[in-house]
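Asks: One structure, as structure tokens, below. Some questions next.
The values are calculated or read from the model by the stated rules, or taken from the named source; none is laboratory data. For clarity, every value in this text was computed on a predicted model and none was experimentally measured. Ideal geometry is used to build each Cβ from the backbone, glycine not excepted, and the neighbour counts take in all protein chains shown. Protein only, heavy atoms only, side chains kept; ligands, DNA and RNA dropped before computing areas. Shrake-Rupley method; radii C 1.70, N 1.55, O 1.52, S 1.80 Å.
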Amino acid sequence: MNLAYISHHACQDHDMGKHHPESPERLHAIQDRLIASGMEMLVTHYDAPEASFDQLNRVHDADYIRLIERSRPKEDRGVNWIDGDTAMCRATWPAALHSAGAAILGVDLVMEGKKHHAAFCCVRPPGHHAGRRSAGGFCFFNNVAVGAAHALEHHGLERVLIVDFDVHHGNGTEDIFTGDERVLFCSSFQHPFYPHSGADTDAPNIINLPLPSRTGGPEFRAAVEAAWLPRIEAFRPQLIVISAGFDGHAEDDMSHFTLREADYAWITRKLQEAARRHADERIVSCLEGGYELSPLGRSVSAHIDELIGHA
Ligand SMILES: [Zn+2]
């Protein structure tokens, strides 16, 4: 079985301006690295469908979805700022629909289980800062939440694990699933840091891991082993969904973590081991952050190399 690699050309058309770090070049950097490493041959490409209104509505309020649709700029070259760092151009709406739709297709493919145990959704805009009725932090619709809700509502799963190792707290995902015992949400993040949330969450289904500036691989791994892995074992997830953000890399200026490719490979392996024990190997991973192009390409390659599983 090989890896389903899900993307869509619309994801490259979403453009928030020349100097914005969440740039279309991010997807090119990943694609180039996969080709250069020979891994491109080991994945099966899929075009992401658009998520439907009903699929989005499982995790976002109807009024919010309509507000985002209405916020598209009228002119071809126009940009409409939703918050201080999140903007819509004409191409953003379809890109956001295909990004969320990628998670839906990823879940369908691994649930079917005929061709793929794992899927990587190489999409943008990212999603984990999008709450039930809020955009922000470069995000409009919460892609991993849309995928997890599809697994619960459409495929009838009872336990879905979402792991978010982006350097920023997955505040949108927490907003959507707080108190929903069908979902265990684990988020590691630099603290204090944007979006300044998550340090004092006490919901039983949320395991936040606020870590200080300059956290490196050894500290990250020790924290994950202590705080997450025993809870994941006890939860026995039937599906693992990953908010795969790589902006905690030592070479990424977005944060002050000093993680390396090997650390992203390590966490991927740990999740894969859990998926083997509990979830028939099912993993759906969605790209979140990671802004320095070279370490992003290398880190995604390390992540995908593990997902392919050296089979
Ligand atoms: Zn981030």
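Let's see how each residue does on (1) closer than 21 Å to Phe189 by Cα; (2) within 16 Å of the ligand (Cβ to nearest atom); (3) not aromatic (Phe, Trp, Tyr):
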{"residue": "Asn80", "(1), (2), (3)": "no, no, yes"}
{"residue": "Thr92", "(1), (2), (3)": "no, no, yes"}
{"residue": "Leu109", "(1), (2), (3)": "no, no, yes"}
{"residue": "Lys115", "(1), (2), (3)": "no, no, yes"}
{"residue": "Ala119", "(1), (2), (3)": "no, no, yes"}
{"residue": "Arg124", "(1), (2), (3)": "yes, yes, yes"}
{"residue": "Gly136", "(1), (2), (3)": "yes, yes, yes"}
{"residue": "Phe140", "(1), (2), (3)": "yes, yes, no"}
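Asks: Something else about it: Within the range 115-131, can you find the residues that are of a type in the set (D, E, K, R) and open to solvent by less than 10 Å² (accessible area, probe 1.4 Å)? First the steps, then the outcome.
Replies: From the range 115-131, those of a type in the set (D, E, K, R) are 115, 124; that's our starting set.
Arg124, the sole residue that qualifies.
Asks: Still on this structure: Just one of the numbered conditions (1) within 16 Å of the ligand (Cβ to nearest atom); (2) under 19 Å from Trp228 (Cβ atoms) is not true of Val183; which one?
Replies: Result: Val183 fails condition (1) only.
Asks: For the subset of the range 153-173 comprising residues that are farther than 17 Å from Ala103 by Cβ and either within 15 Å of the ligand (Cβ to nearest atom) or among the hydrophobic types (A, V, I, L, M, F, W, C) (or both), which member is most open to solvent (accessible area, probe 1.4 Å)?
Replies: Filtering the range 153-173 for residues farther than 17 Å from Ala103 by Cβ gives 156, 158-159, 167-169, 171.
After this cut, where a residue has to be either within 15 Å of the ligand (Cβ to nearest atom) or among the hydrophobic types (A, V, I, L, M, F, W, C) (or both) as well, the list is 167-169, 171.
On the way: Val167: 1, His168: 16, His169: 2, Asn171: 45 Å².
For the range 153-173, the residue satisfying everything is Asn171.
Asks: So in the range 212-247, with the set limited to residues that are within 16 Å of the ligand (Cβ to nearest atom) and surrounded by 20 or more Cβ atoms within 10 Å (Cβ to Cβ), which one is nearest to His116 (Cα to Cα)? Quick ask: steps written out before the conclusion?
Replies: Let us first name the residues in the range 212-247 that are within 16 Å of the ligand (Cβ to nearest atom), namely 213, 215, 220, 242-247.
Subset that is surrounded by 20 or more Cβ atoms within 10 Å (Cβ to Cβ): 215, 220, 242-247.
Numbers: Thr215: 34, Phe220: 29, Ile242: 16, Ser243: 19, Ala244: 19, Gly245: 22, Phe246: 24, Asp247: 27 Å.
Among residues in the range 212-247 that are within 16 Å of the ligand (Cβ to nearest atom) and surrounded by 20 or more Cβ atoms within 10 Å (Cβ to Cβ), the one nearest to His116 (Cα to Cα) is Ile242.
Asks: What residue, among those in the range 53-84 that are open to solvent by 30 Å² or more (accessible area, probe 1.4 Å), closer than 29 Å to Leu109 by Cα and in contact (Cβ under 8 Å) with a residue 24 or more places away in the chain, is farthest from the chain's Cα centre (by Cα)?
Replies: Restricting attention to the range 53-84, the residues satisfying the condition of being open to solvent by 30 Å² or more (accessible area, probe 1.4 Å) are 53-55, 57-58, 61, 63, 66-67, 69-70, 72, 74-77, 79-84.
Now restrict to residues that are closer than 29 Å to Leu109 by Cα: 53-55, 57-58, 61, 66, 69.
With in contact (Cβ under 8 Å) with a residue 24 or more places away in the chain added as a condition, the list becomes 55, 58, 61, 69.
Values: Gln55: 17, Arg58: 18, Asp61: 20, Glu69: 22 Å.
Result: Glu69.
Per-residue answers, yes or no, for (1) open to solvent by less than 10 Å² (accessible area, probe 1.4 Å); (2) within 15 Å of the ligand (Cβ to nearest atom); (3) in contact (Cβ under 8 Å) with a residue 24 or more places away in the chain:
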site	(1), (2), (3)
Met254	no, yes, yes
Glu261	no, no, yes
Leu271	yes, no, yes
Arg276	no, no, no
Val284	yes, no, yes
Gly297	yes, no, yes
